[in-house]
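Chemist: Just dropping this structure here.
The values are calculated or read from the model by the stated rules, or taken from the named source; none is laboratory data. From a predicted model like this one, the values you see are computed outputs, not experimental measurements. All Cβ positions, glycine included, derive from the backbone under ideal geometry; neighbour counts span all protein chains shown.
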Amino acid sequence: MDEQLVDIFDEVIARNPGETEFHQAVREVLESLGPVVAKHPEYAHGEVIRRLCEPERQIIFRVPWMDDDARVQVNRGFRVEFNSALGPYKGGLRFHPSVYLGIVKFLGFEQIFKNSLTGLPIGGGKGGSDFDPKGRTDAEVMRFCQSFMTELYRHLGEYTDVPAGDIGVGGREIGYLFGQYKRITNRYESGVLTGKGLGWGGSQVRTEATGYGTVFFVREMLAASGSSFEGKKVVVSGSGNVAIFAIDKVHELGGTVVACSDSNGYVVDPAGIDLELLKQIKNGQRGRMTDYVQQRGGQAKHFEEGSIWDVPCDIALPCATQNELNGADAQTLASNGCEIVAEGANMPSTPDAIRIFGEAGMRFAPGKAVNAGGVATSALEMQQNASRDTWSFEYTEQRLSEIMTSIHHRCLVTADTYGAPGNYVAGANIAGFTQVAEAMLSQGVI
Ligand code: NDP
Ligand code: 2IT
């Protein structure tokens with residue numbers, strides 16, 4: 001790391017004790033910025049990086065709610081409004097028992113650069129709760145969402161802060177959250193949340209966008225070396241929103257996804273994952289990958305031991321959660337001849353894994369570039385809401401595809417300009433950063 005940046009990083013660690021995921025996300029960005037501070041001394045004078053590492057606002061609140069047995073439950077809610085240089089805070093809400101301030105901060109920090117890369121006017125933020133939706137009834141989820149929004153609504157607004165989904169937050173939760181916001185404020189403010197239902201302000205392609213966008217990005221990586229998905233064997237971890245629509249698009253482009261997973265294990269299905277069955281189990285039944293194997297039959301097998309990254313593949317798409325792919329997994333992927341790793345999830349590869357990809361000559365692209373299609377399509381949803389318009393599926397998907405092509409291009413051009421040709425990590429971090437830094441300098445010390 002550049003000397004000027006070491007002090008800033010030490011300060012981040014000291015001010016945010018124990019928040020290891022946040023430290024990891026900051027370190028990864030700062031490690032890319034050496035050539036940038038060398039070229040732009042004005043960033044040091046304006047303390048742009050020091051300011052960027054401190055969220056503009058952090059909100060933590062109690063979320064009390066009553067379960068179906070009339071017992072009072074208490075969760076903790078978070079919203080970190082990290083940076084608004086480019087637009088209103090924008091980023092998802094995550095409901096998962098592992099959520100604490102360090103996770104929300106790492107996600108919010110990543111979101112700043114990701115949103116900048118989209119080229120659309122959105123700042124960075126993230127939120128969530130340690131609420132675990134697994135095993136909860138619809139009525140319990142509704143009461144939780146209503147209580148969560150009863151506190152959070154005062155911080156939101158279409159020009160202020162616009163949440164969306166993430167792990168554990170999909171169409172059902174966005175519906176309950178929007179309903180409560182509307183009731184409290186007495187405003188039909190469509191642009192205050194994205195990921196809404198198609199009949200009430202949602203955008204075509206938002207549900208598919210992160211998975212589709214991930215595959216569009218890899219399509220560009222492949223095209224850059226004169227290749228395509230045709231005949232490629234692909235492993236996708238997770239089996240949620242991002243994973244499902246990544247699988248969908250890989251199959252459409254001629255590849256075969258031979259494995260996917262959930263937190264209890266992974267499934268290998270050599271004939272290719274049956275997407276209709278997977279969707280029915282995940283969305284219809286809210287079931288598990290073990291249910292998939294039972295209903296699929298044939299050669300599909302479920303594994304509880306080992307790692308999904310043991311499955312040989314040409315392309316690996318981690319689409320579940322942070323730090324799900326470690327150094328040992330990276331070594332296995334390399335030995336099995338995997339060529340490309342692209343992150344559908346946020347920060348799924350550990351620093352060790354990323355180092356090993358580089359040493360093995362594999363091509364690696366980071367989540368803030370690869371999975372930006374989700375938030376980009378959220379920004380398209382905001383555009384449609386602002387103009388009281390709705391676009392067709394085809395038009396919206398075309399816009400998404402162009403945005404992903406442009407992010408890919410911007411990463412490579414920036415990496416070249418700053419002396420790191422072919423390095424998507426450097427390209428994404430530097431391109432995302434410089435646009436935000438310029439805006440912060442223009443807007444003064446705030
Ligand atoms: P979902 O809740 O729809 O699915 C999450 C999937 O990941 C599930 O299969 C889940 O398994 C698995 N998973 C979650 N936590 C863990 C864990 N601790 N260990 C193992 N597996 C786990 O979430 P999404 O698909 O929306 O999100 C997946 C990733 O993509 C996240 O990193 C998210 O931040 C990122 N992302 C999401 C975007 C979106 O638009 N939704 C946009 C950009 C990035 P199980 O069911 O067993 O918990
Ligand atoms: O990590 C992400 O980019 C998301 N969860 C989507 C955010 C959004 O506002 O659509």
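Chemist: Output the residues belonging to the stretch 107-124 that are over 16 Å from A25 (Cα atoms), in contact with a Gly (Cβ under 8 Å, 6 or more places away or on another chain) and within 14 Å of ligand 1 (Cβ to nearest atom).
Modeler: L117, I122
Chemist: Across the stretch 274-287, which residue is modelled with the lowest pLDDT among those that are farther than 18 Å from A209 by Cβ and surrounded by fewer than 19 Cβ atoms within 10 Å (Cβ to Cβ)?
Modeler: G284
Chemist: Ok, one more. If a residue must be assigned to a helix (DSSP H, G or I) and touching a Gly at 6+ places or on another chain (Cβ under 8 Å), how many such residues does the stretch 179-190 contain?
Modeler: Going through the stretch 179-190 one residue at a time, the tally reaches 1.
Chemist: Output the residue which, of all residues in the stretch 339-355 that are over 20 Å from H23 (Cα atoms) and surrounded by 24 or more Cβ atoms within 10 Å (Cβ to Cβ), is farthest from the chain's Cα centre (by Cα).
Modeler: For the stretch 339-355, the residue satisfying everything is V341.
Chemist: Ok, one more. Scan the stretch 387-398 residue by residue and report those that are more than 16 Å from ligand 1 (Cβ to nearest atom) and either assigned to a helix (DSSP H, G or I) or within 22 Å of the chain's Cα centre (by Cα) (or both).
Modeler: Selection gives F393, E394, Y395, Q398.
Chemist: Tally time: how many residues in the stretch 409-422 are touching a strand residue (DSSP E or B) at 6+ places or on another chain (Cβ under 9 Å) and crowded, with 18+ Cβ neighbours inside 10 Å?
Modeler: Counting residues in the stretch 409-422 that are touching a strand residue (DSSP E or B) at 6+ places or on another chain (Cβ under 9 Å) and crowded, with 18+ Cβ neighbours inside 10 Å gives 1.
Chemist: Something else: Can you report the number of residues in the stretch 228-273 which are among the small types (G, A, S), within 16 Å of ligand 1 (Cβ to nearest atom) and buried (at least 20 other Cβ atoms within 10 Å of the Cβ)?
Modeler: 8
Chemist: Another question about this same structure. When you go through (1) surrounded by 17 or more Cβ atoms within 10 Å (Cβ to Cβ); (2) within 21 Å of the chain's Cα centre (by Cα); (3) more than 20 Å from G92 (Cβ to Cβ) one by one for P366, which number turns out not to apply?
Modeler: (3)
Chemist: On to the next question. Considering the stretch 286-302 alone, what residues qualify as being more than 30 Å from F106 (Cα to Cα) and within 14 Å of ligand 1 (Cβ to nearest atom)?
Modeler: Matches in the stretch 286-302: T290, D291, Y292, H302.
Chemist: Suppose we filter the stretch 70-111 for residues that are hydrophobic (A, V, I, L, M, F, W, C) and part of a strand (DSSP E or B); how many remain?
Modeler: 7
Chemist: Within the stretch 198-212, restricting attention to residues that are of a type outside the set (S, T, Y) and touching a residue at least 24 places away in the same chain (Cβ under 8 Å), which residue is farthest from Q383 (Cα to Cα)?
Modeler: Checking each candidate, the answer is G211.
Chemist: Which residue out of G175, G157, G170 is surrounded by fewer than 20 Cβ atoms within 10 Å (Cβ to Cβ), within 15 Å of ligand 2 (Cβ to nearest atom) and more than 19 Å from the chain's Cα centre (by Cα)?
Modeler: G157
Chemist: If you go through the stretch 112-147 one residue at a time, how many are under 19 Å from the mean Cα position of the chain (by Cα), basic (K, R) and in a helix (DSSP H, G or I)?
Modeler: 1
Chemist: Taking the condition within 11 Å of ligand 2 (Cβ to nearest atom) and at pLDDT 95 or above, does G125 pass?
Modeler: yes
Chemist: Sticking with this one: Restricting to the stretch 373-414, and then to whatever is within 16 Å of ligand 2 (Cβ to nearest atom) and small (G, A, S), can you tell me which residue is farthest from V215 (Cα to Cα)?
Modeler: It comes out as A386.
Chemist: What number goes with the only condition from (1) surrounded by fewer than 24 Cβ atoms within 10 Å (Cβ to Cβ); (2) touching a residue at least 60 places away in the same chain (Cβ under 8 Å); (3) farther than 23 Å from L152 by Cβ that V218 does not pass?
Modeler: Every condition holds for V218 apart from (1).
Chemist: Next question, about the same structure. Given the structure, is S406 surrounded by fewer than 21 Cβ atoms within 10 Å (Cβ to Cβ), small (G, A, S), closer than 19 Å to Q111 by Cβ and more than 16 Å from ligand 1 (Cβ to nearest atom)?
Modeler: When the stated conditions are applied, S406 passes them.
Chemist: Report, ordered by the first and then the second residue, all pairs with beta carbons closer than 6 Å, sequence separation of six or more or different chains, a first member in the stretch 266-281 that is touching a residue at least 24 places away in the same chain (Cβ under 8 Å), and a second member that is among the acidic types (D, E).
Modeler: Final answer for the pair search is L275/D248.
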